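Colleague: The structure's right below; bear with me while I get my questions together.
Laboratory data are not the source of any read-out in this text; all were calculated from the coordinates shown. Quantities reported herein were computed from a predicted structural model and do not represent experimental measurements. Note that we place each Cβ from the backbone using ideal geometry, even for glycine, and neighbour counts take in every protein chain shown.
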Amino acid sequence: MRSQGSKGAGFSIHHGVEATGTMRHRPLPTEAKMSGVVPDQRITKPPPSPSDVSVRDINGEHIENVDIYLDFIQACYDATLLRVDESIRLEVVLECPRSQGFGMSAAGLIATGRVIHALTGRGRLAQYLKIAHRIERSHGAGLGDVLGASVGGVELRLSPGAPGWPGQAVSFSTDAPVLLAWNPLEERHTSTYIDDPAWQRSITVAGEACVDVLSSGDWASEQWPNLLLQSRIFATNSGMLEEEERAHIYHSVLQAVLQGGWQSNMAVRLCMLGSSVAVLPRNIESEVSIEALEALAETIRGQGFACLITSISPLNHLD
């Protein structure tokens, strides 16, 4: 699974996941001794201490299925990053919606890895990133989210897979503001597309062509207009823009931008693979004002969609 993934481009934002945790220790049973001699029969190694995970979504509601977090914690035991007498109490708050193309499972696992690393001081952050990539893949999600988030900023994934190896990504920095909009009544899970041969084919062919163009020169802020162009080409050639619900939010937000007279400095692009869009500046050297984004958000919310104003986060280059 460490070799599975995707090429592509994207960006990290300041909103994501906030995770806090504490560690508990339990005493391990001791071996009985007779006159200083340890008996031949050894006590079986105990199972890891049970961990407690609480996850709340963007609306503050508790999420019942936390298996992806429990699997990550178990993988940390398997890698001896956690010891059997240690248990983790983890509280996770999601700042963006799930299944909308915002990489929330990746963000959650990366945040969990940071918590465990901070509590134990064991291993390197790169180890936790590799585990996060593998666990995401085992749950049919995140073909490139962990790799992209591992570098931050505006990233280009050149080789698919886990961060470090075989996955390779480059990035450049900008603090450009971004408006995210999504249909709260529609969700799209990654597995819906990657498990379908027809979608696999159309996404791969369209994506490879766009990445070839983007990777032909140095990856720097001068590539931003080209990224916007290739993103639009990919949405069309992959067939993503043909889906009714995705097309509905795209054209609704685009119309709101036109009505506000912002078409010269705002671009609307699909998020992959949700029922969502990002409103981005056409020129990252001349940023869109927050006031304009707030006015746009008010219009979009009036159409029944949800919005979040954020900005592109700094480079990470975690190791």
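Colleague: Take the chain, mark every one of the trypsin sites (Lys or Arg not before Pro) that falls in a DSSP loop and has at most 10 other Cβ within 10 Å, then report the longest stretch left between them, sites excluded.
Modeller: In short, 43-319.
Colleague: Given springs between every Cα pair under 10 Å in a Gaussian network model of the chain, which of PRO27, PRO50, PRO163 has the largest fluctuation?
Modeller: Checking each option, the largest mean-square fluctuation is seen for PRO27.
Colleague: Test of the criteria: in the stretch 56-122, which GluC sites (Glu not before Pro) are in a DSSP loop and have at most 16 other Cβ atoms within 10 angstrom of their Cβ?
Modeller: Answer by residue number: GLU61, GLU64.
Colleague: On to the next question. Long-range amide H contacts for LEU158: which residues qualify at under 5 Å (H placed 1.01 Å from N, peptide plane, sequence gap of 5 or more or a different chain)?
Modeller: Those lying under 5 Å, H to H, from LEU158 are GLN168, ALA169, VAL170.
Colleague: Ok, one more. State to the nearest 20 debye the size of the charge dipole of the chain about its Cα centre, where the only charges are +1 on K and R beta carbons and -1 on D and E beta carbons.
Modeller: That gives the chain a dipole magnitude of about 1040 debye.
Colleague: Test of understanding: ordering LEU147, LEU308 by Cβ neighbours within 10 Å, fewest first, what list do you get?
Modeller: LEU308, LEU147
Colleague: In degrees from 0 to 90, rounded to the nearest 10, what is the angle of the helix 244-260 Cα long axis to the longest principal axis of the chain?
Modeller: 60
Colleague: Another question, if that's okay. Per residue Cα convex hull volume for the stretch 139-231, in cubic angstrom?
Modeller: Residue-normalised Cα hull volume stands at 132 Å³.
Colleague: Can you give me the angle between helix 125-138 and the longest principal axis of the chain, using Cα atoms only, in degrees from 0 to 90, rounded to the nearest 10?
Modeller: Computed tilt is about 80 degrees.
Colleague: Another one. How many times 2.2 N^0.38 Å is the alpha carbon radius of gyration of the stretch 169-311?
Modeller: Normalised by 2.2 N^0.38 Å, the Cα Rg of the stretch 169-311 equals 1.06.
Colleague: Could you size up the charge dipole of the stretch 169-311 around its Cα centre, putting +1 on the beta carbon of Lys and Arg and -1 on that of Asp and Glu, and report it in debye to the nearest 20?
Modeller: Values: 7 positive and 18 negative charges, 35 e Å.
Rounded to the nearest 20 debye, it is 160 debye.
Colleague: Could you work out Rg/(2.2 N^0.38 Å) for the chain, with Rg from alpha carbons only?
Modeller: 1.12
Colleague: So what's the angle, to the nearest 10 degrees on a 0 to 90 scale, between helix 104-120 and the longest Cα principal axis of the chain?
Modeller: Once rounded, the angle reads 40 degrees.
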